[in-house]
Amino acid sequence: MDVSLTLIVIMAVLFAAGVYAMMERSLTRVLIGFLLLGNATNLLLLIVMGVPGSAPFYAEEGAVSDPLPQALTLTAIVITFAVSAFLLALIYRSWQLGQADTVEDDPGDIAVRERTDAEEDLFDDESTVEEEEATTDFVGVTTAPITVLNMRDHPAIIDDAPVNVPDAPSERSTAQHRSRAQDDESEDRS
């Protein structure tokens, strides 16, 4: 595969600049960083596509282009467009509300940042032994969400599943099965 070194360098620079721009607090810079990442992704897919060939039609002779990177490039373009439109709406709304597009820390974020290690350990130790032992929501409840019925629990249940018995059923089990079926029919009629 013959790949241009220039494309690889441009792709790497776009990825680096996009990640750097997305780390800023300004939503406009986040949008620019996301657009750079989208273009870098399209270049990556262009590089992965390999040597150009003819269109990928059925029964085409000669070198054929791989259609999968082309489909992924179209998908990346659509995703980049959709997220960019969403970020533009966020920037516009942020500008309407605060005349700025920067993300500010709220008091909750500041409180979490200023917590010490001792306070973090205190939050970790709040769980009790009862909470750790409980593996279900139905602890101490007399009813369970699933009740398994056996043939002794209800007369209409015919439990003829094989359970470590010889292949041929005994005459006694066949007679019991017939008598149960007859009992069920007589109950249904009455």
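The values are calculated or read from the model by the stated rules, or taken from the named source; none is laboratory data. Treat the numbers as computed from the prediction; the structure is a model and nothing was measured. A quick note on method: Cβ atoms are made from the backbone with ideal geometry, for glycine too, and the neighbour counts reach across all protein chains shown. When the accessible area is computed, the model is the full protein with side chains, heavy atoms only, and any ligands, DNA or RNA have been set aside. Shrake-Rupley method; radii C 1.70, N 1.55, O 1.52, S 1.80 Å.
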Specify which of the listed residues (101, 121, 106) is touching a Phe, Trp or Tyr at 6+ places or on another chain (Cβ under 7 Å) and at pLDDT 70 or above. 101
Condition check for residue 131: assigned to a helix (DSSP H, G or I) and either at pLDDT below 70 or on the phi > 0 side of the Ramachandran plot (or both): yes
Need the failing condition index for residue 6 against (1) in contact with a strand residue (DSSP E or B) (Cβ under 7 Å, 6 or more places away or on another chain); (2) open to solvent by 70 Å² or more (accessible area, probe 1.4 Å), just the number. (1)
Could you tell me which numbered condition residue 160 fails, if it satisfies all but one of (1) at pLDDT 60 or above; (2) open to solvent by less than 80 Å² (accessible area, probe 1.4 Å)? (2)
Give the residues of the stretch 13-36 that are free of Cβ contacts under 8 Å to residues at least 24 places away in the same chain and open to solvent by less than 50 Å² (accessible area, probe 1.4 Å), sorted by residue number. 17, 18, 21, 33, 36
Matching entry among 80, 75 (being β-branched (Val, Ile, Thr) and without any contact (Cβ under 8 Å) to a residue 24 or more places away in the chain): 75
Considering only residues of the stretch 72-112 that are open to solvent by 50 Å² or more (accessible area, probe 1.4 Å) and of a type in the set (D, E, K, R), which is nearest to residue 43 (Cα to Cα)? 93
